[in-house]
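Undergrad: Please read through the structure below; I'll follow up with questions.
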Amino acid sequence: MNGEVGIRIKEKNIYVPTMVPILEVIQETRDIKTFRVQRPSSFFYHPGQFAEIFVPGKGEAPFSITSSPQEERFLEFSIKRIGVVTDALHRLNPGDSVGVRGPYGNGFPVSSLLHSSLLFIGGGIGLAPLRSLINYVLSPQERINFREIILLYGARTPQDLVFQWELKRWAEHRDLTLWVTVDQGDSSWSGIVGLVPEVLKKVVEVEPIGWKSIVCGPPIMIKFTIKALLEMGFQVKDIITTLEMRMKCGVGKCGRCNIGPYYVCKDGPVFSYQELQEMPEEY
Amino acid sequence: MYERALTELASKILGEVEGIIGYAPGSLPFHMRPFLCQREEDIACLSFNHFARPNLARYLLTLEMRKKRVAIVVKGCDARTVIVLLKEGQVKRENLYLIGAPCHGMVSVSKLEERFGVLSPPDFVWEADTFTWRGERFAIRDFLEDSCERCAYPNPPWYDALLGEELPKPPVLPGGRDYLGRIKALPLEKRWEFFAQEMEKCIRCYACRNSCPLCYCTECFVDQTRPSWLSQAATRNENLFFHLGRSLHMAGRCTECGACERACPLGIPIGLLPLYVEELIREHFAFEAGMNLDTPAPLLTYRENDPNEFIR
Amino acid sequence: MKGKFVTHEQVFTWMERERGLVVITERAQKKYHHLLPSHLITVKTAKELFFSPWEAVYRYTLQGKTWVIEEKVEHSSFPSFLVLLPCEAKAILEVTDVNFMTEDTPDLGYARRRRGVTLIIVGCERIEQTCFCSLVGCSPFWRHRESVFLFPWKGHFYLEDGEEKLSLSPFEDPQKAQAVETFFAETICTLPLPLPANFPEKLYAHFDDPLWQKMAWHCVNCGACTYLCPTCYCFDLSVDGKLRGLTLHTWDSCMFPKFTLHASSHNPRPTGKERVRQRVMHKFSYFPLRNKYYGCVGCGVCREICPVNWDIKEVVEGMVRQVER
């Protein structure tokens, strides 16, 4: 700075993560673990946003934040073991540290959900981003701003259900109606058996006016669930979903996660079905 | 060149084959491009000349082409590549129809530019082994691509049909133009200096790898992550590691077509490494890749009675 | 009248004097080696000065049981002037700067190197056969208010904005300056017309055009065009080293399958068709839809270096015919 006198503010490098300790690791299923890590100071986020998690020596990967923003102490991420970074994460224990940078993405459009009834539909690990919003809307401060709340959750087998402890809590919650289904039952399972879209049409009886549905899960499940919701009379703008893409920078610069002119990391990952319909099918 | 023979043959075989992989005039002068002829009206586009540089064998490996019976226009080096692909089980003989094109060598645009400055197509009249520029006659041999200068096989060793007559073996070139020989003649430190300098330029765009028909691994070792073999940083050492790795993987397979070298946007003489490896293979095993279907490839063949202990 | 004149001698002497601070692109050097000092530091592309082929973002080290992260900060005395062609300058000012220098989330490595570098644009006397800058809003005389503009004119250099930025003492010649302006305007009239209005929107509507398949056929999906493209800015973040190492910011290319490959092995752009379409769409539809400028400056480098003569101009012209049908 040409002779300027003043305090030099240290510029922030957006790619440098903050190292934080892992507080707790919960084995959810055979290949899914939930990691509770210390929340970095000045990390403020909305439900549906994600963070890049860095494992030194292994790399970085994006994960949606599954804890509610009202949790002040920690962040939670539910992670399926699938690649190099997740494999390394699964070997970590409480006390080990990981890098966190974010939050990134748009998050759920909470303000447009206000005063509506909410139908959450999750498949497999797709419950992770929903959980952040579910716990947010169930919180005493926020509950008053929403009407009826239903959650339909499905997984392949009873062993693949994530957040079993949370599901128990939600089942007893009087402000939430919970339906859990599995594609394939076993001797231990006395609940509903059936694919999410089919169960949806069978058990959820709502008049779609005043409802919003938030769908998250594997692509094939999303596809058929949206079809079922449309058959039930939901409007395209009232169906909200999240997309997954390979993401690196998190801020719409590195150029890989776009669908048409939209960057999933910046303009998404949450999109309404109306928005999705206007995008090319390249995801 | 060969236009008439090409059109006649193409009209005859199209239908019997689902497509003809050949060359068509490119969008720029002195450029030919790979062209897939599938309909009657495409036939007129097929052509061949001194600028038909790309090795078309690469296009046999696309998913779409693997399923079809296709004809392919091949120069000597390209035909050898197809033979290697056949030997390695990448393509099926019954799916192939080889249209051999006896080749006088490909002309290097940069060598033309060096001599004539900014090039204007009407200045040139091309013939088989000579051309005229503004009426003055020149020998094609003086403007060949490096890879073609060293070529000993102008004719495809195997073909179903040949466009024109087989050509005589080209004369051995005077020592001064043998650039591998020149590098080998340098003392060790100078050689290292040369490669270090060249490797510094590489940006790892993988044009060499992707242009090579024999670099067909579904996942190249440079892209592997478990383990990750090299850093994403295009530093001299990492670049050298990539090129050495590639050359070794090509050992006894490379047909010296020069596609890698011509593809390099930075003009790195990347062909030197596989070329040297092939020279060693010739020396130790008296073998040249892609000359016939029967001779086993020395480095891809396991024998219990191998004279070398390390392999047993 | 904005333009003034300086002698070749003045420019030459200035460059000689500032030698260590001046960098010239290879293309500008090739074009004007007869007017400029021959031994200036040259770079292959302008973008690589700011958007490095690779750089370390931070170092991570395991110390005892804790990981320590140290940010890498470059403190190099970097060149202050970059001599380049109009298309190369447009690529920096209207594409890579736009991507990397956003106010809320600047790419610090790029920004640090870019700040304080003055671009000296040398207009083109001659148009190469690979050039197509007039199609995409550029021209052989493209200028920018933040940059110096030079143009060789009858034994002198026509100069804009160089007085303060380069401390040159130009002389005025309004009549001659008028002649230069007229020459620019007349030449531009002879160049091919820009792409049709609203081409980005129209092209977007042709996402599913079957022509993409045909156009992608002979592309070998290497990264030569993207790496040497003056506007291509896609990058990767990766790690190098186990117990101590670097997180790297490196060039990456939409031509590579790995670019979009998910850990689950699903790939939204699985074949050459999708990747070629992405490259064209990004430059001619997505980028202009978001940032109003084309993501291509028509320099023609990719046409020149493509090993199989895959030609972006031809493809775009093909798509123009397709959208206007």
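Undergrad: Which residue, C:LEU62, C:LEU237, C:LEU21, tops the fluctuation ranking in a GNM of chain C built on C-alpha contacts under 10 Å?
TA: C:LEU62
Undergrad: Mind checking the dipole of chain A: about its Cα centre, +1 per Lys or Arg Cβ, -1 per Asp or Glu Cβ, Debye to the nearest 20? Before the final figure, lay out the partial values.
TA: Numbers: 31 positive and 31 negative charges, 128 e Å.
With Lys and Arg at +1 and Asp and Glu at -1, about 620 debye.
Undergrad: Assuming R0 = 51 Å, can you tell me the calculated FRET efficiency for the pair A:GLN70 and B:LYS169, based on Cβ-Cβ distance, to the nearest 0.05?
TA: 0.05
Undergrad: Before anything else, pin down the relative contact order of region B:175-312: Cα pairs under 8 Å, at least 6 apart, normalised by residue count, whole percent.
TA: 23 percent.
Undergrad: Right, next: Count the net charge of all other residues whose Cβ sits under 13 Å from the Cβ of C:ALA205, scoring Lys and Arg as +1 and Asp and Glu as -1.
TA: -3
Undergrad: For region C:243-253, just list the computed ³J(HN,Hα) in residue order, Karplus coefficients 6.51, -1.76 and 1.60, θ = phi - 60°, integers in Hz, with x standing in for Gly and Pro.
TA: Values per residue, Gly and Pro as x: 8, 9, x, 10, 8, 9, 10, 10, 4, 9, 9 Hz.
Undergrad: Could you work out how far apart the two model spin labels at B:ARG182 and C:ALA197 are, taking each label as a point 7 Å from the Cα in the direction of the beta carbon, and quote it in nm?
TA: The answer from the label model is 5.8 nm.
Undergrad: Taking chain C as a Gaussian network, where each spring joins two C-alpha atoms under 10 Å apart, which residue of C:VAL83, C:VAL308, C:VAL280 fluctuates the most?
TA: C:VAL308
Undergrad: Follow-up question, since we're still on this one. Go through region A:169-183 residue by residue and turn each phi into a ³J(HN,Hα) via Karplus (6.51, -1.76, 1.60, θ = phi - 60°); whole Hz please, and just put x for glycine and proline.
TA: Karplus-based 3J(HN,Hα) across region A:169-183 equals 5, 5, 4, 8, 6, 6, 8, 9, 9, 10, 10, 10, 9, 10, 5 Hz.
Undergrad: Quick check: net charge around C:GLU26, other residues with Cβ under 11 Å of its Cβ, Lys/Arg +1 and Asp/Glu -1?
TA: For residues surrounding C:GLU26, the net value is +2.
Undergrad: Can you list residues from other chains, or at least 5 along the same chain, whose modelled amide H is less than 5 Å from the amide H of A:ARG39?
TA: Long-range HN contacts for A:ARG39: A:PHE74, A:LEU75.
Undergrad: Quick one: dipole size for region C:199-324, taken about the Cα centre, charges +1 on Lys/Arg Cβ and -1 on Asp/Glu Cβ, in debye to the nearest 20. Before the final figure, lay out the partial values.
TA: Numbers: 16 positive and 12 negative charges, 49 e Å.
For this selection, approximately 240 debye.
Undergrad: Mean separation of Cα pairs under 8 Å and 6+ residues apart, divided by the residue count of region A:110-242: what relative contact order is that in percent?
TA: 28
Undergrad: Another one. What is the log10 of I(q)/I(0) for chain A, computed with the Debye formula using one identical point scatterer on each Cα and no solvent, at q = 0.11 Å⁻¹?
TA: Once normalised to I(0) and log-transformed, intensities are -0.64.
Undergrad: Nearest 500 deg cm²/dmol is fine: what mean residue ellipticity at 222 nm does chain B get from its DSSP H runs of n ≥ 4 alone, each adding -39,500 (n - 2.57), divided by its residue count?
TA: Here the helix-only value at 222 nm equals -9000 deg cm²/dmol.
Undergrad: Over the whole of B:213-224, what's the average partner chain Cβ count within 10 Å per residue? Rounded to a whole number, please. Write down the numbers at each step before the final one.
TA: Working: counts 1, 0, 0, 0, 0, 1, 3, 2, 0, 1, 4, 1.
The per-residue average across the peptide is 1.
Undergrad: Would you grab the residues whose amide H sits under 5 Å from the one on B:GLY100? Only those 5+ places off in sequence or on another chain, please, with H modelled 1.01 Å from N.
TA: Here B:VAL74, B:ASP160, B:ALA161, B:LEU162, B:LEU163 satisfy the definition.
Undergrad: A further question on this structure: Diagonalise the Cα gyration tensor of region B:269-312 and give the resulting equivalent ellipsoid semi-axes, square root of 5 times each eigenvalue, largest first, whole Å.
TA: Working: eigenvalues 98, 40, 14 Å².
Semi-axes (√(5λ), whole Å): 22, 14, 8.
Undergrad: Still on this model: Rounded, prolate or oblate: which fits region C:136-246, taking a ≥ b ≥ c as square roots of the Cα gyration tensor eigenvalues, rounded meaning a/c under 1.5, else prolate when a/b beats b/c?
TA: oblate
Undergrad: Then there's this: Which residues in region A:11-37 have a backbone N closer than 15 Å to a point placed 7 Å from the Cα of A:ARG81 along the Cα-to-Cβ line?
TA: What the label zone holds, given the 15 Å backbone N cut-off, is A:25-35.
Undergrad: Taking all pairs of different Cα atoms in region B:175-312, averaging 1/r and flipping that mean, what Kirkwood radius in angstroms comes out?
TA: 16.5
Undergrad: Please list, in chain and number order, the residues 5+ apart from A:VAL180 or on another chain whose amide H is under 5 Å from its amide H, with Hs placed from the backbone.
TA: A:TYR153, A:ILE192
Undergrad: Report the rotationally averaged projected area of the protein assembly as shown based on its alpha-carbon convex hull, in square nanometres.
TA: Spelled out: convex hull of the Cα atoms, projected over all directions, averaged, 46.7 nm².
Undergrad: Hey, another quick one. Suppose a student asked you for the relative contact order of region C:250-325, using Cα pairs under 8 Å spaced at least 6 residues apart; what percent would you report?
TA: Once normalised by length, the contact order is 16 percent.
Undergrad: Could you sort A:214-221, A:179-186, B:251-258 so that the peptide with the highest average Cβ count within 10 Å comes first and the rest follow in order?
TA: B:251-258, A:214-221, A:179-186
Undergrad: Return the percentage of antiparallel bridges among DSSP beta bridges fully within the protein assembly as shown, rounded to the nearest 5 %. Before the final figure, lay out the partial values.
TA: Working: 75 of 123 bridges.
In the protein assembly as shown, DSSP labels about 60 percent of beta bridges as antiparallel.
Undergrad: From the backbone phi of region B:150-160, what are the Karplus-calculated ³J(HN,Hα) couplings (6.51 cos²θ - 1.76 cosθ + 1.60, θ = phi - 60°) in whole Hz, Gly and Pro given as x?
TA: 9, 5, 10, 10, x, 9, x, x, 8, 7, 8
Undergrad: Using a Förster radius of 51 Å, what is the FRET efficiency between A:VAL193 and B:LEU293 based on their Cβ-Cβ separation? Nearest 0.05, please.
TA: Result of the calculation: an efficiency of 0.35.
Undergrad: What does the C-alpha gyration tensor say about the overall shape of chain C? Classify as rounded when a/c is under 1.5, otherwise prolate if a/b is larger than b/c, or oblate.
TA: oblate
Undergrad: Given N residues in region B:48-180, what is Rg(Cα) / (2.2 N^0.38 Å)?
TA: Values: Rg = 16.6 Å, N = 133, 2.2 N^0.38 = 14.1 Å.
Computed over Cα atoms of region B:48-180, the ratio equals 1.18.
Undergrad: As a test of understanding, state the convex hull volume per residue of region A:165-283 from its alpha carbons, in Å³.
TA: That works out to 148 Å³ per residue.
Undergrad: Taking the Cα centre as origin and putting +1 on Lys and Arg beta-carbons and -1 on Asp and Glu beta-carbons, what dipole magnitude results for region A:220-283, to the nearest 20 debye?
TA: Charge dipole, region A:220-283, about its Cα centre: 340 debye, nearest 20.
Undergrad: Looking only at C:VAL95, C:VAL276, C:VAL57, which one moves most when chain C is put into a Gaussian network model with springs between Cα atoms under 10 Å?
TA: Of C:VAL95, C:VAL276, C:VAL57, the Gaussian network model singles out C:VAL57 as fluctuating most.
Undergrad: If you don't mind, another one. Could you list, by residue number, the cysteines of chain B that have no other cysteine's beta carbon within less than 4.7 Å of their beta carbon?
TA: Result for chain B is B:CYS37, B:CYS45, B:CYS103, B:CYS148, B:CYS151, B:CYS202, B:CYS205, B:CYS217, B:CYS220, B:CYS254, B:CYS264, no neighbouring Cys Cβ within the cutoff.
FYI, it's all coordinate maths here, none of it is from the lab. Just so it is clear, the structure is predicted and the values come from calculations on it, not from any experiment. Ideal geometry is used to build each Cβ from the backbone, glycine not excepted, and the neighbour counts take in all protein chains shown.
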